[in-house]
Amino acid sequence: MREFQPTLFEGGQRLVYDDAVEMTLQSMQAYGQQHDHWGIAWSGGKDSSAVLTLIVHLLDAGRLAPPKTLSVFYADTRQELPPLAIAAQLIMRQLAERNINLEIVTAPLDKRFLVYMLGRGVPPPNNNTLRWCTRQIKVDPMTDALAARIEELDSSILMITGVRQGESAVRDQRIAMSCGKDGAECGQGWYQQVLPNAKGIRGRIATLAPILHWRVCNVWDWLKIYAPMRDYGSWATASIADAYGGDEAAEIAARTGCIGCPLASRELALETILTNPDWYYLEPLQGLKQLYRELRLPQHRLRKPGAETLKDGTIAKNPQRMGPLTFDARLMALARVIAIQEAVNTSARNLGRPEIDILNAEEEARIRELISLETWPKGWTGSEPTADTPLDTVYGDGTVQPLMM
């Protein structure tokens, strides 16, 4: 655990900060001193990377009084865009050089994106009825890691996040509703004394979003101009901004998530990356989004036949609902993911560029094992017909209209 020894730059010169950074400093001064232990939730994206590198810089420069301990929690989904994943690895080395405690948080093997989907057979997530991915591969593992860390501490922990207004309308509404909670002021960041959905750790954790007020241009300036400068830490953050579109990032407005994210209508971030000749060898990754869309088709899934009776005796409101992926669909998808990864890595080796790792040997072996064990999601047996099989019409009251041939 790092015990901070704040240092000043040679000559004691004062570094120049803009108003956004000064407000972040005031936010940390207002709430940071209330907690002996700090944690930083880091996804590798632009906002959380800006928060991470700025807070460490302010500590190194002696502008911010240090906590007893600082821990960084990196959420590794195993599906990050390669430029972001590579930048994260470089920043991890820089954190290690500063003796900052880093914990890489990954979902358990059976709950990782590709294992859960291709091994257990759960169809790709969608925004309407089955958005399972974010909580399972990011939120729950992070909450579990925080709970384990808190058990080691003698007091509460302040979790510092990269939440900003303007990134999400839903998030903005949530911020507005709780802005005055726990003595917080919007101009000093979004402070809450209880982490929502924190399992077993309520009262021992608080959250602070010290760049709540930053505009996206402030984020780009920090990542592209200031953070890479030696006086501000020499951070490897410029490539993060490039992944969002570089100088045109604000106009492109690309949001990054998992490669081929099934929840996004368009793969804008990957498209932006592919315009850079250095990253064009990643082009086969565009096949992932197409694959996930294909897996949602009826011929690749099972369907509940007839009226489904629930445990309480009532009839399910969605009779004949489509369900999990067939074994043939899972094996087909596994082969295509492997082929896409190998195509990228073959080009990477030929060009001397970084390889990708979205499916490793352990994950592939587990997928094949779950298939061989004939694993199905809860409530499914595998005896159901495929979803493209014509079935009798079932109405909401459970009555059945036989199929007329």
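None of the figures in this text is laboratory data; all of them are computed from the coordinates on show. Everything numeric in this text was worked out from a predicted model, so none of it was measured. Positions of Cβ are generated from backbone atoms using ideal geometry, with glycine treated the same way; all protein chains shown enter the neighbour counts.
Placing pseudo-labels 7 Å out from each Cα toward the beta carbon at Arg321 and Trp132 gives an inter-label distance of 1.2 nm. Here Ala348 and Ala96 are evaluated by their C-beta separation; at R0 = 30 Å the FRET efficiency comes out at 0.75.
With a Förster radius of 45 Å applied to the beta-carbon distance between Asp328 and Tyr280, the computed FRET efficiency rounds to 0.85.
Charged neighbours of Asp357, selected by a Cβ distance under 15 Å, balance to -3 (K, R count +1; D, E count -1).
The calculated FRET efficiency for Ala148 paired with Ala365, based on their beta-carbon distance and R0 = 30 Å, is about 0.65.
Across the stretch 278-284, rounded Karplus estimates of 3J(HN,Hα) from the backbone phi angles (6.51 cos²θ - 1.76 cosθ + 1.60, θ = phi - 60°) give 5, 10, 5, 5, 7, 3, x Hz, Gly and Pro being marked x. Per-residue extension of 0.36 nm, minus the Cα-Cα distance of Arg293 and Lys111, leaves a gain of 63.5 nm for this segment. For the stretch 77-168, a simple Cβ point-charge model (Lys and Arg +1, Asp and Glu -1, everything else neutral) yields a dipole of about 420 debye relative to the Cα centre. Among the listed pairs Lys46/Lys138; Lys111/Lys224; Lys224/Lys289; Lys138/Lys378; Lys46/Lys378; Lys138/Lys289, those whose Cα-Cα separation exceeds 27 Å are Lys111/Lys224; Lys224/Lys289; Lys46/Lys378. Close amide H contacts of Val105 (hydrogens built in the peptide plane, cut-off under 5 Å, sequence separation of 5 or more or a different chain): Tyr74, Ala75, Asp76. In a fully extended conformation the segment linking Glu271 and Gln29 would gain 83.1 nm over its present Cα-Cα distance, using 0.36 nm per residue.
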